[in-house]
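Undergrad: Let me give you the structure first, and then I'll get to my questions.
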Amino acid sequence: MPRPSKQRLAQRRRYDKMMEAFGGKGFFVADPKDLRGTLDASMNHRGPALVNVRISQGSARKPQEFRWHS
């Protein structure tokens, strides 16, 4: 059986499930339209919460500039 690529493994990471395993509340967002509601729900949760947002691997990314990064 062939091994999955690193990219395919990255798409399957579910940090929200890890948070739940440690007793917190995990949220998973796959559609950008759901982000606002999910963020509101996570902020209203009493206790630790984590929002796992799936991002497109092929999207164009804006270069990040930080004063500390030279």
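The values are calculated or read from the model by the stated rules, or taken from the named source; none is laboratory data. Keep in mind that this is a model prediction, so the values were computed, not measured. Quick reminder, even Gly has a Cβ in these numbers, built from the backbone with ideal geometry, and neighbours come from all protein chains shown.
Undergrad: For the list (1) loosely packed, with under 10 Cβ neighbours inside 10 Å; (2) free of Cβ contacts under 8 Å to residues at least 24 places away in the same chain, I need the number of the one condition that LYS17 fails.
TA: LYS17 satisfies every listed condition except (1).
Undergrad: List pairs: first in region 53-70 and within 28 Å of SER42 (Cα to Cα), second at pLDDT 75 or above and part of a loop (DSSP other than H, G, I, E, B), Cβ under 8 Å, 6+ apart or cross-chain?
TA: Filtered contacts from region 53-70: ARG54/ALA30.
Undergrad: Additional query: Tell me the residue from ARG8, ARG36 that is surrounded by 10 or more Cβ atoms within 10 Å (Cβ to Cβ), at pLDDT 90 or above and of a type in the set (Lys, Arg), please.
TA: ARG36
Undergrad: Evaluate the following for GLY47: is it assigned to a loop (DSSP other than H, G, I, E, B) and at pLDDT below 95?
TA: no
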